Amino acid sequence: MKKGIIWFIISILFLTGAKVSSCSTPKTAPYAQVVEMPNEDLKNGRILFNNHCATCHPEGLSGVGLAIINKPLPKALIKFQIRNGIGLMPAFDEKQLSDLEIDNIASYLLSLRQDNSKD
């Protein structure tokens, strides 16, 4: 009887240990990818995007606003839409964002494109 209980406990410990070890390595890629910013303009663009745009376009994806990272727009049109607004998106005047800051945001958005069709 004691041998049966001992073997039962050993088998439970073995199976539990096997289950824990199988959980230690992820089988899929992590949800968020690390985006390396090669220069200061892109870093500033990311900061400005997070401060002014991410509420409606979280990580460039759809939220309150539409997904924008893979919109096939040239940089000039992205800058125009930021400055003048479109649809429900508000315009950002010179008091809110300078031309350089808008350029940084547009460059950041183009750097996120997955199809690499950048301008």
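Structure data summary
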| item | result |
| --- | --- |
| Residue 112 vs. criteria under 20 Å from residue 50 (Cβ atoms), modelled with pLDDT under 90 and hydrophobic (A, V, I, L, M, F, W, C) | yes |
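Residue-by-condition table, conditions (1) at pLDDT 90 or above; (2) surrounded by 14 or more Cβ atoms within 10 Å (Cβ to Cβ); (3) on the phi > 0 side of the Ramachandran plot:
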{"site": "67", "(1), (2), (3)": "no, no, no"}
{"site": "72", "(1), (2), (3)": "no, no, no"}
{"site": "77", "(1), (2), (3)": "yes, yes, no"}
{"site": "81", "(1), (2), (3)": "yes, yes, no"}
{"site": "87", "(1), (2), (3)": "no, no, yes"}
{"site": "96", "(1), (2), (3)": "yes, no, no"}
{"site": "100", "(1), (2), (3)": "yes, no, no"}
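The values are calculated or read from the model by the stated rules, or taken from the named source; none is laboratory data. All of these numbers come straight from a predicted model, not from anything done at the bench. Cβ atoms come from the backbone with ideal geometry, glycine included; neighbour counts cover every protein chain shown.
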